[in-house]
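J.: Here you go, one structure.
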Amino acid sequence: MGHRKKETTTYKRQNNYLIMKIICRCEDIAEEEIIALIREGYTTLDEIKRFGRAGMGHCQGRTCSRLIAQLIAKETGKKISEINYPLPRPPIKPIPIKVLANTKYL
Ligand code: FES
């Protein structure tokens, strides 16, 4: 995503500005886009991350995951406690660049 949004009927125009509620600030994804994914059947945080890129930005979903979970709960009628959060997958151990650049290890 990250491109300029087209005006749809769900976006509101106010004083000649397009009003969108951005849920994922890192990937610039609006609430309407998340809701559209949920209505298409992507009803888990993992699916929305994979198919909509929400949660794949710099913060890795720390900012937007709770908001997306709230939208899933609202759209599906589930309790917020029933929404599973994706497991964090950090690197096991940071690798210094000098190790990668050293041909001795090849
Ligand atoms: S706000 Fe969604 S990944 Fe950072």
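Laboratory data are not the source of any read-out in this text; all were calculated from the coordinates shown. Keep in mind it's a predicted model, so treat the numbers as computed, not measured.
J.: Work out from phi, with θ = phi - 60° and the Karplus expression 6.51 cos²θ - 1.76 cosθ + 1.60, the ³J(HN,Hα) of each residue of region 71-76, listed in order in whole Hz, and give x for Gly and Pro.
T.: 5, 4, 4, 5, 6, 9
J.: While we're looking at this one, here's another question. Got a sec to turn the phi values of region 41-52 into Karplus ³J(HN,Hα) couplings, 6.51 cos²θ - 1.76 cosθ + 1.60 with θ = phi - 60°, whole Hz, x for Gly and Pro?
T.: x, 8, 10, 10, 4, 4, 5, 5, 5, 6, 9, x
J.: What ³J(HN,Hα) values, in whole Hz, does the Karplus curve 6.51 cos²θ - 1.76 cosθ + 1.60 give for region 57-62 when θ = phi - 60°, with x put for Gly and Pro?
T.: Ordered by residue, 3J(HN,Hα) equals x, 4, 7, 6, x, 5 Hz.
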